[in-house]
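Okay, so here's the structure we're looking at.
The values are calculated or read from the model by the stated rules, or taken from the named source; none is laboratory data. Since the model is a prediction, treat every value here as computed from it, not as a measurement. So basically every Cβ, Gly included, is an ideal-geometry build from the backbone, and we count neighbours across all protein chains shown. For accessibility, only protein heavy atoms count, side chains too; no ligands or nucleic acids. Shrake-Rupley method; radii C 1.70, N 1.55, O 1.52, S 1.80 Å.
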Amino acid sequence: MIEKKITLNHLLRMQSGLAWDEDYTSISDVTRMLFMDADMTKAQGEKEAIAAPTEVWNYSSGTTNLLSGILRKQFKTHQEYINYPYQALIDKIGMSSMLMETDMKGNFVGSSYAWANTRDWAKFGLLYLNKGNWNGEQLFDSSWVSYVSEPTILSDGTYGGHFWLNANGKYPDVPRDLYSANGYQGQRVFIIPSKDVVVVRTGLAEDPDFDINLFLKNVLAAIK
């Protein structure tokens, strides 16, 4: 039996060692959670440990919702929890279209149900490009950007701390310091510090149907 000694760092880097099947094409852990669970924060935590923390890397949206449940416990009231992301970040950077949905138990579904228009997602990217600084106000410590963009072991350079990376050169014509917030079916917020650029793409196609490398290559060529 593998003892669970899981830290927040393990969860943020998808290194918990807990079983999880992230398959949207069948009845799986993720589809059960999103379409059947009243409390989506529990699904990942109730799974068995198949490895010790850091021994495997496995992307899990259940882990993100587990973190949402942990965050909720930091507040005395549910209303404080609901207000927090808006007061601390969303309203401060003017993401006026942003809507974060909750599950039936009032937990933010951090893995999936956050909606905003393209311009507002660009504001989110700019906040990270500027290392947490928004018009002179430091909304989070700049070290957080270094943390999320550092490759997680066993992810083959594709994942940091809840952000996807290009550290392994998956997109060969794009700088390797690129990191991105990835949504379902090809929605992306790309941050490229070396080019001082944020690119937002909304759409319903992923690789190989949509060539991200070529898309970003052409965007970067156009803004030289």
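Scanning segment 127-147 for residues that are open to solvent by less than 70 Å² (accessible area, probe 1.4 Å), farther than 19 Å from Asn83 by Cα and of a type outside the set (Gly, Ala, Ser) turns up Leu127, Tyr128, Leu129, Asn133, Trp134, Val145, Tyr147. All conditions but one from (1) under 27 Å from Leu178 (Cβ atoms); (2) open to solvent by 40 Å² or more (accessible area, probe 1.4 Å); (3) among the charged types (D, E, K, R) apply to Asp120; the one that does not is (2). Kindly provide the set of residues from segment 189-208 that are open to solvent by 70 Å² or more (accessible area, probe 1.4 Å) and at pLDDT 95 or above, ordered by number. Once the filter is applied, which keeps residues that are open to solvent by 70 Å² or more (accessible area, probe 1.4 Å) and at pLDDT 95 or above, segment 189-208 yields Ser194, Lys195, Asp196.
Any idea which residue in segment 172-185 is farthest from Leu12 (Cα to Cα), counting only those that are out of contact with any Lys or Arg (no Cβ under 8 Å at 6 or more places or on another chain) and open to solvent by less than 50 Å² (accessible area, probe 1.4 Å)? It comes out as Leu178. Residues that are polar (S, T, N, Q), open to solvent by 10 Å² or more (accessible area, probe 1.4 Å) and either touching a residue at least 40 places away in the same chain (Cβ under 8 Å) or closer than 13 Å to Pro193 by Cβ (or both) within segment 148-165 comprise just one, Ser149. Applying the criterion of being free of Cβ contacts under 8 Å to residues at least 12 places away in the same chain and surrounded by fewer than 16 Cβ atoms within 10 Å (Cβ to Cβ) to the residues of segment 87-109, the residue that is nearest to Asp120 (Cα to Cα) is Asp91. Checking Gly186, Gly161, Gly125 one by one, the residue that is touching a Phe, Trp or Tyr at 6+ places or on another chain (Cβ under 8 Å), modelled with pLDDT under 95 and under 28 Å from Tyr24 (Cβ atoms) is Gly186 and no other. Only one of the numbered conditions (1) touching a Phe, Trp or Tyr at 6+ places or on another chain (Cβ under 7 Å); (2) open to solvent by less than 30 Å² (accessible area, probe 1.4 Å) is not met by Arg72, and that is (2). Looking only at segment 192-224, which residues are outside any loop (DSSP other than H, G, I, E, B) and within 20 Å of Trp115 (Cβ to Cβ)? Val198, Val199, Val200, Arg201, listed by residue number.
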